[in-house]
Amino acid sequence: MSLLVELASSSKSWKLFIALTPCVILLTGLFIIARLAWTKNLNIMLSALKSSDWLRLQSVIWCAFGLWGKLMITGQIATLMHWPIKQLHIRRGKIKEEEIENFPKPLKYQLIIGAFLVDIGALLCAITYHAYS
């Protein structure tokens, strides 16, 4: 943390670089998830998780909101692919483990990478904000 504070106090270009890098990471993750949401990949993802009543209800609710709703549904599917949340949803019966295992691998990797970048970007934004304030 002291290295970050030293770099933040050194020059304006380093301050700008340190301030913008977390935002770029966060926006890259959002772009990956948004690209999946606004293409036909969302229909493929929903059909791969077709036995989940919870996800079907979420998609009915959020599809009424257009593109923003599609982004929200894709974000929820991305959280299903994360390890701790996935196990919680499996235990509660919201989703079947076989469906997650049979989920299309390229889409699964893109969702995990997008969600990971969003999480890391948000964490780094909070750290950067704390370091500058």
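The values are calculated or read from the model by the stated rules, or taken from the named source; none is laboratory data. None of the values given here were measured: they were computed from a predicted structure. All Cβ positions, glycine included, derive from the backbone under ideal geometry; neighbour counts span all protein chains shown.
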Scanning segment 36-46 for residues that are surrounded by 19 or more Cβ atoms within 10 Å (Cβ to Cβ) and without any contact (Cβ under 8 Å) to a residue 40 or more places away in the chain, the one farthest from Leu123 (Cα to Cα) turns out to be Leu42
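Okay, residues lined up against (1) at pLDDT below 90; (2) farther than 26 Å from Ile127 by Cβ:
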| residue | (1), (2) |
| --- | --- |
| Ile25 | no, no |
| Leu30 | no, no |
| Ala34 | no, no |
| Ala48 | no, yes |
| Ser59 | yes, yes |
Of the residues in segment 63-115, those that are at pLDDT 90 or above and of a type in the set (Ser, Thr, Tyr) come to Thr74, Tyr109
How many residues of segment 40-76 are closer than 15 Å to Glu98 by Cα and among the hydrophobic types (A, V, I, L, M, F, W, C)? The answer is 4
